[in-house]
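J.: Attaching a single structure in structure tokens format; questions to follow.
The values are calculated or read from the model by the stated rules, or taken from the named source; none is laboratory data. Please read all numbers here as calculations on a predicted model, not as lab measurements. FYI the Cβ positions are ideal-geometry reconstructions off the backbone, even for glycines, and counts take in every protein chain you see.
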Amino acid sequence: MIDLYCWKSANGRRPIIILEETGTPYNLIAVDPHSGKNKEPEYLKISPGGKVPCLIDPDGPGGEPIHLMESAAILEYIGGKTGQFIGETEEERWQVKQWLIYLATNVSVSFSNLNHARDLEGQCRTLLEAINHHLAENEYFAGNYSVADMMAIGRFAAFAFDFIDLNEYPNLVRWVDALTQRPAVQKSMEIPIG
């Protein structure tokens, strides 16, 4: 059984979505990144960067245990391990990977920092416009529902910036509404952590 160390943030809830979607058994272990527990020596053995979330899979590649940090890496790992939500053809896999990386390095980082730096609003609006434009012609980020969608749904489902009205981006809102109907997404948002 996978041990998932996480917290009640968009980052921490992403791995729950894929574990639920794939029916992968897991044990949830709450780690508050603001408490300092993620900097303790025992935790750093699991997550060298002190990152939350992270996981331990005792049945990793070659049957050996693996430790992983970073929600995008965890999404890709579980997707690869189960063969689900990562695309079926090589072209589809690259589309999924492209959007997973884009959302991880742009949306996740920019909106996390917007909590502390209002001057990022213009950059975030540019990202919202690009996403809204892409979703005007695509039901999901990379063709079919995938780990790329799982990467961003937590950020947008719990959007809490009163100076940006998400309704200005109707295609993004349509996508959020569709994804929040999925039982795994609902569970990830509702499960108590910590």
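J.: Among the residues of the stretch 177-194, which ones are assigned to a helix (DSSP H, G or I) and either aromatic (Phe, Trp, Tyr) or surrounded by fewer than 21 Cβ atoms within 10 Å (Cβ to Cβ) (or both)?
T.: ASP177, ALA178, PRO183, ALA184, GLN186, LYS187, MET189, GLU190
J.: Which of the residues that make up the stretch 30-54 are surrounded by 18 or more Cβ atoms within 10 Å (Cβ to Cβ), under 17 Å from the mean Cα position of the chain (by Cα) and not in a loop (DSSP other than H, G, I, E, B)?
T.: CYS54
J.: Condition first: within 13 Å of MET1 (Cα to Cα), of a type in the set (D, E, K, R) and out of contact with any strand residue (DSSP E or B) (no Cβ under 8 Å at 6 or more places or on another chain). Now tell me which residues in the stretch 21-63 satisfy that.
T.: Once the filter is applied, which keeps residues that are within 13 Å of MET1 (Cα to Cα), of a type in the set (D, E, K, R) and out of contact with any strand residue (DSSP E or B) (no Cβ under 8 Å at 6 or more places or on another chain), the stretch 21-63 yields only ASP59.
J.: Can you tell me how many residues within the stretch 18-29 are under 16 Å from VAL52 (Cβ atoms) and either assigned to a helix (DSSP H, G or I) or touching a His at 6+ places or on another chain (Cβ under 6 Å) (or both)?
T.: The number of residues fulfilling the criteria is 1.
J.: Among residues belonging to the stretch 106-121 that are farther than 19 Å from ASN171 by Cα and among the small types (Gly, Ala, Ser), point out the one that is surrounded by the fewest Cβ atoms within 10 Å (Cβ to Cβ).
T.: The extreme case among them is ALA117.
J.: For the stretch 55-95, give me each residue that is crowded, with 20+ Cβ neighbours inside 10 Å and of a type in the set (A, V, I, L, M).
T.: LEU55, LEU68, ALA72, ILE74, LEU75, ILE78, ILE86 - these are the residues of the stretch 55-95 that are crowded, with 20+ Cβ neighbours inside 10 Å and of a type in the set (A, V, I, L, M).
J.: Residues to consider are PHE141, PHE163; find the one that is surrounded by fewer than 16 Cβ atoms within 10 Å (Cβ to Cβ), more than 22 Å from ILE191 (Cα to Cα) and among the hydrophobic types (A, V, I, L, M, F, W, C).
T.: PHE163
J.: Note down all Cβ pairs under 8 Å where the first residue falls in the stretch 140-157 and is at pLDDT below 95, the second is charged (D, E, K, R), and they're at least six residues apart or on different chains.
T.: Close Cβ pairs (under 8 Å, with a partner that is charged (D, E, K, R)) amount to GLY143/GLU92; GLY154/ARG13; GLY154/ARG14.
J.: Taking the condition of being within 27 Å of ASN144 (Cα to Cα) and at pLDDT below 95, how many residues in the stretch 50-69 meet it?
T.: Matching residues across the stretch 50-69 total 0.
J.: Right, next: Does the stretch 62-74 contain any residue that is among the aliphatic types (A, V, I, L, M) and outside the structural domain of GLU20 (by TED's automatic domain parsing)?
T.: Scanning the stretch 62-74 turns up no residue that is among the aliphatic types (A, V, I, L, M) and outside the structural domain of GLU20 (by TED's automatic domain parsing).
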